[in-house]
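S.K.: Below is the structure I would like to discuss, written out as structure tokens.
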Protein chains: 2
Amino acid sequence: MRALYWDGRQLAYDSAYSAPATDLQTVLVKVHLAGICSTDLQILKGYMGFTGVPGHEFVGQVSDGPGELVGQRVVGEINFACGRCEFCARGLGRHCPGRSVMGILNADGAFAEYLAVPVANLHRVPDNLTDEEAVFTEPLAAALEILDQVQVSPGDEILVVGDGKLGNLCAQALRLTGAKVTVLGKHRDKLNLVKRAGVRTVLLNDWQPRWFDIVVEAAGSASGFELALRAVRPRGTLVLKSTIAGNHQVSLAPLVVHEINVVGSRCGLFPPALEALLEKRVFVTPLIEKIYPLEEGIEAINHAGKSGARKVLLRP
Amino acid sequence: MRALYWDGRQLAYDSAYSAPATDLQTVLVKVHLAGICSTDLQILKGYMGFTGVPGHEFVGQVSDGPGELVGQRVVGEINFACGRCEFCARGLGRHCPGRSVMGILNADGAFAEYLAVPVANLHRVPDNLTDEEAVFTEPLAAALEILDQVQVSPGDEILVVGDGKLGNLCAQALRLTGAKVTVLGKHRDKLNLVKRAGVRTVLLNDWQPRWFDIVVEAAGSASGFELALRAVRPRGTLVLKSTIAGNHQVSLAPLVVHEINVVGSRCGLFPPALEALLEKRVFVTPLIEKIYPLEEGIEAINHAGKSGARKVLLRP
């Protein structure tokens, strides 16, 4: 089959990559669309020491597996959990210590014609969602994860630092609670994208530091983290949403003096994301920058890595 | 009056320091005992850029002020708040942006014969508490602050990193909830001190890394922070209890990947601490290393800074 393969040093298009093996618990999915996310770009810089087929945002169709599933359009949660440990027992398979993670850890991902996904991870895509909407299920679930971890009150003032795809989805997710959400970013066009969700926006050049009850770091940079930390009111909450590979020089004293709560936030559950998409409570398709065929995957990755790029998709 | 004075470079004993001024909201307290804490040692290294009389743990007697207070034995909360801002309105005067802080920020502290304290900050010491017990009200309140910020379940496994005074009091405070508390430290004698509170202890040399639901960093070192972070289970809580001056090289990625909750924790309210002392639910006097007269304050500070020292007190 056709696939993009990362050997730890270089990404290559392979027209004859081995199709994934499946078993009783795993089905084969023909990928319709796959999204390129910042984590993928970090992986292609060495994050997680991954080798294999990258990609963990996808929508596709079951092409081989138990009869009742074949032909269904699906999205799939990215953590392949053991199903037996204490984390799995508590519904936290995404923290299963024995997990592999699609396109990130010990499992091939979605930048390929076909993908193997455990049946337990699949979610059926409702008919009235397009592929272009459904491919945002994973990143929207990650944004909604914040609401699973942090209690947001309707009167809260929330700042999202970063106007990229992640910042946009986090702002929309938080806005669902009725809280006052402000997005701080560098790009006027990207800020305009999120405005229609009822979110306020501020250009970095116009930023007047002040305190917020909750601040979400979605910029993926050390400077974004510093700015976010300074914007949290005493006893407020800082949500870390971007995995920043590498170490940073950080002073921890302000966390203690202001008794700040820092919440690391990663993957979320798919059902609430599918429901929000279905009910059109969030909009995602304006976030699409361009769709590339898989053969032009390397060009697509380069495009996705450009400053200011919105979501770049692959159609295998 | 007699006082220790820190000019930003050097600590000196002054036998003729000006007695503090008082007003309608402030009383004069004759200091019976004052405790030396790690924050004081950091201040004498330049933390907070403070100059003046250090010291924020004390027990004393009101010597001048409104008639009904004179003669009362008191302890006092260390944050001198404005009483009018939104934080003060929410009972969070210890986060009032306009506050001064006793012996730490724009206010002389307790390493002196007399001390000026706002009436609103005073708490009467019950007669059946000794001065040696009451002087621990402030650090015990800081330890109990964790219970105000983090929900502790009786079945939780908790690790306290650090066997010093702060670690000891945090372990005792957390043990009150019925949770399983383990203290990890370097000093066999200090670990023995906390054992009688029903706390498990582990010497650092015997440490086998494993996961805990809640980890409290009370070691005050970058290596203690690293160890603490690695001991938090996914979705667990890390409480930062020591102000570590200066920057540290810290990787934030594990916080996000394991969705860890980091809670900065500083000062607490006095009434629960006084009650715990009164009901003998925590023990504090075995933590006393030595009591020095104020005249030997510099020797006392040096003693307090020695590795392995327990609580050093000053009797002005």
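The values are calculated or read from the model by the stated rules, or taken from the named source; none is laboratory data. Everything quoted here is computed from the prediction, not taken from an experiment. FYI the Cβ positions are ideal-geometry reconstructions off the backbone, even for glycines, and counts take in every protein chain you see. For the accessible areas, the whole protein counts, side chains as well, though only heavy atoms, and no ligand, DNA or RNA atoms are used. Shrake-Rupley method; radii C 1.70, N 1.55, O 1.52, S 1.80 Å.
S.K.: Name the single residue that is nearest to the chain's Cα centre (by Cα) among those in the stretch A:162-176 being among the aliphatic types (A, V, I, L, M) and more than 14 Å from every other protein chain (Cβ to nearest Cβ). Give the derivation first.
M.R.: Filtering the stretch A:162-176 down to residues among the aliphatic types (A, V, I, L, M) leaves A:166, A:169, A:171, A:173-174, A:176.
Now restrict to residues that are more than 14 Å from every other protein chain (Cβ to nearest Cβ): A:169, A:171, A:173-174, A:176.
Values: A:Leu169: 9, A:Ala171: 13, A:Ala173: 13, A:Leu174: 15, A:Leu176: 18 Å.
Once the filter is applied, the top-ranked residue is A:Leu169.
S.K.: Which condition number does A:Thr243 fail, the rest of (1) free of Cβ contacts under 8 Å to residues at least 40 places away in the same chain; (2) of a type in the set (Ser, Thr, Tyr); (3) closer than 24 Å to B:Thr237 by Cβ being met?
M.R.: For A:Thr243, the exception is condition (1).
S.K.: Going through the stretch A:127-148 one residue at a time, which ones are over 22 Å from A:Val312 (Cα atoms), under 19 Å from the mean Cα position of the chain (by Cα) and either free of Cβ contacts under 8 Å to residues at least 24 places away in the same chain or open to solvent by 50 Å² or more (accessible area, probe 1.4 Å) (or both)? Before you say what the answer is, go through the steps one by one.
M.R.: The first filter runs over the stretch A:127-148 and keeps only residues over 22 Å from A:Val312 (Cα atoms), leaving A:127-128, A:145-148.
Next, from what is left, pick out any that are under 19 Å from the mean Cα position of the chain (by Cα): A:145-148.
Across the stretch A:127-148, the qualifying residues are A:Leu147, A:Asp148.
S.K.: Looking only at the stretch B:14-47, which residues are open to solvent by 50 Å² or more (accessible area, probe 1.4 Å) and either in a strand (DSSP E or B) or under 22 Å from B:Arg124 (Cα atoms) (or both)?
M.R.: Restricting attention to the stretch B:14-47, the residues satisfying the condition of being open to solvent by 50 Å² or more (accessible area, probe 1.4 Å) are B:14-16, B:18-19, B:21-25, B:30, B:38, B:45.
If the condition is that a residue be open to solvent by 50 Å² or more (accessible area, probe 1.4 Å) and either in a strand (DSSP E or B) or under 22 Å from B:Arg124 (Cα atoms) (or both), then B:Asp14, B:Ala21, B:Thr22, B:Asp23, B:Leu24, B:Gln25, B:Lys30 are the ones that fit.
S.K.: Residues A:Val256, A:Val232, A:Val239, A:Val284: which one is at the interface with chain B (Cβ under 7 Å from one of its Cβ atoms) and open to solvent by less than 40 Å² (accessible area, probe 1.4 Å)?
M.R.: Values: A:Val232 fails: at the interface with chain B (Cβ under 7 Å from one of its Cβ atoms); A:Val239 fails: at the interface with chain B (Cβ under 7 Å from one of its Cβ atoms); A:Val284 fails: at the interface with chain B (Cβ under 7 Å from one of its Cβ atoms).
The unique qualifying residue is A:Val256.
S.K.: Return only the number of the condition from (1) under 22 Å from the mean Cα position of the chain (by Cα); (2) within 13 Å of chain B (Cβ to nearest Cβ); (3) free of Cβ contacts under 8 Å to residues at least 40 places away in the same chain that A:Gly155 does not satisfy.
M.R.: (1)
S.K.: Within the stretch B:28-65, which residues are among the small types (Gly, Ala, Ser), touching a residue at least 60 places away in the same chain (Cβ under 8 Å) and more than 24 Å from B:Val119 (Cα to Cα)? Even if it seems obvious, please write down each step before you answer.
M.R.: Here is the first cut: in the stretch B:28-65, the ones among the small types (Gly, Ala, Ser) are B:34-35, B:38, B:46, B:49, B:52, B:55, B:60, B:63, B:65.
Next, from what is left, pick out any that are touching a residue at least 60 places away in the same chain (Cβ under 8 Å): B:34-35, B:38, B:46, B:55.
Across the stretch B:28-65, the qualifying residues are B:Ser38, B:Gly46.
S.K.: Right, here's the next one. When you check B:Gly67 against the structure, is it within 30 Å of B:Asp127 (Cβ to Cβ), outside any helix (DSSP H, G or I) and over 21 Å from the mean Cα position of the chain (by Cα), yes or no?
M.R.: On the way: within 30 Å of B:Asp127 (Cβ to Cβ): yes; outside any helix (DSSP H, G or I): yes; over 21 Å from the mean Cα position of the chain (by Cα): yes.
Here the answer is yes, as B:Gly67 does meet what is asked.
S.K.: Taking the condition of being assigned to a helix (DSSP H, G or I) and open to solvent by less than 70 Å² (accessible area, probe 1.4 Å), how many residues in the stretch A:165-203 meet it? Spell out how you get there, then give the answer.
M.R.: Looking only at the stretch A:165-203, we keep the residues that are assigned to a helix (DSSP H, G or I), and these are A:165-175, A:188-195.
Checking which are open to solvent by less than 70 Å² (accessible area, probe 1.4 Å) leaves us with A:165-174, A:190-191, A:193-194.
Going through the stretch A:165-203 one residue at a time, the tally reaches 14.
S.K.: Of all residues being small (Gly, Ala, Ser) and assigned to a helix (DSSP H, G or I) in the stretch B:72-110, which is farthest from the other protein chains (Cβ to nearest Cβ)? Just the residue, please. Reasoning before the result, please.
M.R.: Initially, the stretch B:72-110 is screened for residues small (Gly, Ala, Ser), giving B:76, B:81, B:83, B:89, B:91, B:93, B:98, B:100, B:103, B:107, B:109-110.
With assigned to a helix (DSSP H, G or I) added as a condition, the list becomes B:89, B:93.
Working: B:Ala89: 13, B:Gly93: 11 Å.
Only one residue fits best here, namely B:Ala89.
S.K.: Which condition does A:Gly264 not pass, out of (1) in contact (Cβ under 8 Å) with a residue 40 or more places away in the chain; (2) closer than 18 Å to A:Gln151 by Cβ, if it passes all the others?
M.R.: (1)
S.K.: Further question on the same structure: Which one of B:Arg94, B:Arg124 is among the basic types (Lys, Arg) and open to solvent by 30 Å² or more (accessible area, probe 1.4 Å)?
M.R.: On the way: B:Arg94 fails: open to solvent by 30 Å² or more (accessible area, probe 1.4 Å).
Within the list B:Arg94, B:Arg124, the selection yields B:Arg124.
S.K.: Something else about it: Considering A:Lys180, A:Lys195, A:Lys165, which residue is among the charged types (D, E, K, R) and closer than 23 Å to A:Leu44 by Cβ?
M.R.: On the way: A:Lys180 fails: closer than 23 Å to A:Leu44 by Cβ; A:Lys195 fails: closer than 23 Å to A:Leu44 by Cβ.
Among A:Lys180, A:Lys195, A:Lys165, only A:Lys165 is among the charged types (D, E, K, R) and closer than 23 Å to A:Leu44 by Cβ.
S.K.: On the basis of being on the phi > 0 side of the Ramachandran plot and either outside the structural domain of B:Val29 (by TED's automatic domain parsing) or surrounded by 24 or more Cβ atoms within 10 Å (Cβ to Cβ) (or both), does B:Gly162 make the cut?
M.R.: Numbers: on the phi > 0 side of the Ramachandran plot: yes; either outside the structural domain of B:Val29 (by TED's automatic domain parsing) or surrounded by 24 or more Cβ atoms within 10 Å (Cβ to Cβ) (or both): yes.
Spelling it out, B:Gly162 is indeed on the phi > 0 side of the Ramachandran plot and either outside the structural domain of B:Val29 (by TED's automatic domain parsing) or surrounded by 24 or more Cβ atoms within 10 Å (Cβ to Cβ) (or both).
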